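S.K.: There's a structure below that I have some questions on.
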Amino acid sequence: MFFSRKNLKNAVLLAPALIVLQACTVTVPLDSPTPSDEAYISVDTDQTITLQFKDSQPQDLENLVGKPVPIVVESNGAPLEEHAYLLEALQKEAKARNLPLNFESSSENKLELDAYQVFHHRVSGFSPLVTVTTARLDLVLPDRTSRIAVAVKRGKVPVMSMGEINEPTFNEPHEILVKEIVAKINMVTFNNKTSDQYVAELVGKIKANIDDRETYLDVYELGFSNNSKALDALMEFSKADQEYIRLSAISGLGMIGGERSFEYLKSIHASDGLWQDRVVALKAIGDIGTEAAINYLKTERPKWKAEDNKESKWTVVVLGLFLDD
């Protein structure tokens, strides 16, 4: 954002007010996530699957965790009812993806919500509000149980008002969260994918709009495609200068590349790059889900638990999405 002298003066005058706002409660109206535009394509005849969406979160689990900004999240003008909000969003996303997936309370198949938390942090009125939106679920089917975990990091410096944080740090991460959950359910159950043509068009769109603020959402879409044609582009975008392009690409590598991405993701985690790159690389390794990948996470957890800094705290949170205590 560019400031004229007048605007710069106003921004300077506003800064102390933002510091004061930091101590006040901030109300965030959470929108219903926008469903995907592109449906998955099936290569065979899919049988309808029913799931019971079960809230298995501990009673004492905090949804919003962080300081120093007290935040209240609302949906439709009332305090957020997490289970109902997510259930409605998952139903809409499954329909948009053309998946024969029904949510029924009587189903023996279960999608268990073990934890849903938004971690937030802000140092001062001049720093961004950072959120890490997370969810941990278990997809319980007769022949297997699959862990589904999501972690989305976003940040925004409010310039004129705290309302500027709503879209980038709350609404967009929740849209990603819902789409990723459904994408992972698809991978386990139907294994459908978006078309090669769609992936190619998406890659072209990303490259043509690489500096646009919302382009990172299209990179996430590559990760949700379940199409191996997206792998080369994700590898390329994982080295981008733009932070959220890079993070969304790294996040998708575990889903699309699987074991082929393992060594590369380990190299990102072991690098001296930004802390968020390293943390998201661990998330992507967890998505690979193989015995070697999970053992790698188990080896890393004691190291990070022994430290006490911002990176170690976020890392322990992400590791906890995949590892049971």
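S.K.: Working only with C-alpha atoms, what are the Rg and Dmax values of the range 229-298, expressed in angstrom?
M.R.: 10.8, 32
S.K.: Let me ask something additional. Would you work out the charge dipole size for the range 182-325 about its Cα centre, treating the Cβ of every Lys and Arg as +1 and the Cβ of every Asp and Glu as -1, and quote it to the nearest 20 debye? Write out the running numbers ahead of the final one.
M.R.: Values: 18 positive and 23 negative charges, 51 e Å.
Charge dipole of the range 182-325: 240 debye, to the nearest 20.
S.K.: Now for a different question. How much area per residue is accessible in the range 174-272 when the probe is 1.4 Å and only protein heavy atoms are counted (Å²)? Numbers along the way, then the final one.
M.R.: Working: 3940 Å² over 99 residues.
Per residue, the range 174-272 has an accessible area of 40 Å².
S.K.: In vacuum, with every alpha carbon of the range 68-147 counted as one equal point scatterer, what does the Debye formula give for log10 I(q)/I(0) at q = 0.11, 0.15, 0.25 Å⁻¹? Two decimals, please.
M.R.: One equal scatterer on each Cα of the range 68-147 leads to -0.44, -0.74, -1.32.
S.K.: Mean-square fluctuation check for the chain, GNM, Cα pairs under 10 Å: which of T133, T194, T27 is largest?
M.R.: T27
S.K.: A follow-up question, please. Cα atoms only, the range 43-200: Rg and Dmax in Å?
M.R.: 17.4, 55
S.K.: How high is the relative contact order of the chain, in percent, counting Cα pairs under 8 Å that sit 6 or more residues apart?
M.R.: Details: 543 pairs, mean separation 45.6, N = 325.
It comes to 14 percent, rounded to a whole number.
S.K.: Can you pull the percent of the range 211-255's accessible area that's carbon plus sulfur, 1.4 Å probe, other chains left in place? Let's see the in-between values first.
M.R.: Details: 680 of 1640 Å².
Of all accessible area on the range 211-255, carbon and sulfur atoms account for 41 percent.
S.K.: Quote the FRET efficiency, to the nearest 0.05, computed for T290 versus F103 with a Förster distance R0 of 35 Å and r equal to the Cβ-Cβ distance. Could the numbers behind the result be given before it?
M.R.: Working: r = 29 Å, r/R0 = 0.83.
Step by step, r from the Cβ atoms, then E = 0.75.
S.K.: Given the options G66, G254, G286, state which has the largest fluctuation in a GNM of the chain using a 10 Å cut-off (strictly under) for Cα springs.
M.R.: Maximum among the listed residues: G66.
S.K.: What is the magnitude of the charge dipole of the range 79-141 about its Cα centre, with +1 placed on the Cβ of each Lys and Arg, -1 on the Cβ of each Asp and Glu, and no other charges, expressed in debye to the nearest 20? If you can, show how the numbers build up before the last one.
M.R.: Working: 6 positive and 9 negative charges, 71 e Å.
Computed about the Cα centre, the dipole is about 340 debye.
S.K.: Mind checking the per residue accessible area of the range 125-172 for me, 1.4 Å probe, whole number of Å²? Walk me through the intermediate numbers first.
M.R.: Details: 1600 Å² over 48 residues.
Result: 33 Å² per residue.
S.K.: Given all pairs of different Cα atoms, what value in angstroms does the Kirkwood hydrodynamic radius of the range 194-325 take? Walk me through the numbers on the way to the answer.
M.R.: On the way: mean 1/r = 0.0668 Å⁻¹.
Mean inverse Cα-Cα distance, inverted, gives 15.0 Å.
S.K.: Would you give the gap between the C-alpha center of the range 201-255 and the C-alpha center of the range 138-166, rounded to a whole Å?
M.R.: Using only Cα atoms, the two centres lie 17 Å from each other.
S.K.: So which GluC sites (Glu not before Pro) in the range 169-243 are both in a DSSP loop and have at most 11 other Cβ atoms within 10 Å of their Cβ?
M.R.: Values: sites: E175, E180, E201, E214, E221, E236, E243; in loops: E214.
Sparse-neighbourhood loop GluC sites (Glu not before Pro): E214.
S.K.: Got a number for carbon plus sulfur as a percent of the range 30-182's accessible area, 1.4 Å probe?
M.R.: Working: 3310 of 6870 Å².
On the range 30-182, the fraction of accessible area on carbon and sulfur atoms equals 48 percent.
S.K.: Separate question: Ranked from highest to lowest mean number of other Cβ atoms within 10 Å per residue, what is the order of the peptides 142-153, 53-64, 33-44? Spell out each step's value before the answer.
M.R.: Values: 142-153: 17.7, 53-64: 12.3, 33-44: 15.6.
Per-residue mean Cβ counts within 10 Å order the peptides as 142-153, 33-44, 53-64.
S.K.: Report the chymotrypsin sites (Phe, Trp or Tyr not before Pro) located in the range 280-325 that are in a DSSP loop and have at most 10 other Cβ atoms inside 10 Å of their Cβ, or state none. Spell out each step's value before the answer.
M.R.: Working: sites: Y296, W304, W314, F322; in loops: none.
Answer by residue number: there is no such site.
S.K.: Filter the cross-link list K110/K184; K92/K313; K153/K310; K92/K283; K239/K313; K54/K303 down to pairs whose alpha-carbon distance in this structure exceeds 22 Å.
M.R.: Numbers: K110/K184 14 Å; K92/K313 34 Å; K153/K310 13 Å; K92/K283 26 Å; K239/K313 25 Å; K54/K303 33 Å.
From the list (K110/K184; K92/K313; K153/K310; K92/K283; K239/K313; K54/K303), the Cα-Cα distance tops 22 Å for K92/K313; K92/K283; K239/K313; K54/K303.
S.K.: On to the next question. Compute the length gained on full extension between T50 and K95: take 0.36 nm times their separation in residues and subtract their Cα-Cα distance, giving the result in nm to one decimal.
M.R.: On the way: separation 45, 0.36 × 45 = 16.20 nm, distance 1.31 nm.
Additional length available on full extension: 14.9 nm.
S.K.: Using 0.36 nm per residue, how much length does the chain from T27 to A200 gain when fully extended, once their Cα-Cα distance is taken away? Please list the in-between numbers first.
M.R.: Working: separation 173, 0.36 × 173 = 62.28 nm, distance 4.00 nm.
In short, 58.3 nm is gained.
S.K.: Can you pull out the chymotrypsin sites (Phe, Trp or Tyr not before Pro) in the range 88-179 whose DSSP state is coil and whose Cβ has at most 15 other Cβ atoms within 10 Å? If you can, show how the numbers build up before the last one.
M.R.: On the way: sites: F103, Y116, F119, F126, F170; in loops: F126.
Those satisfying the criteria are F126.
The values are calculated or read from the model by the stated rules, or taken from the named source; none is laboratory data. The structure presented is a predicted model; accordingly, all values stated were derived computationally and were not measured. Reconstructed Cβ throughout: ideal geometry from the backbone, glycine too, with neighbour counts over all protein chains shown. Protein only, heavy atoms only, side chains kept; ligands, DNA and RNA dropped before computing areas. Shrake-Rupley method; radii C 1.70, N 1.55, O 1.52, S 1.80 Å.
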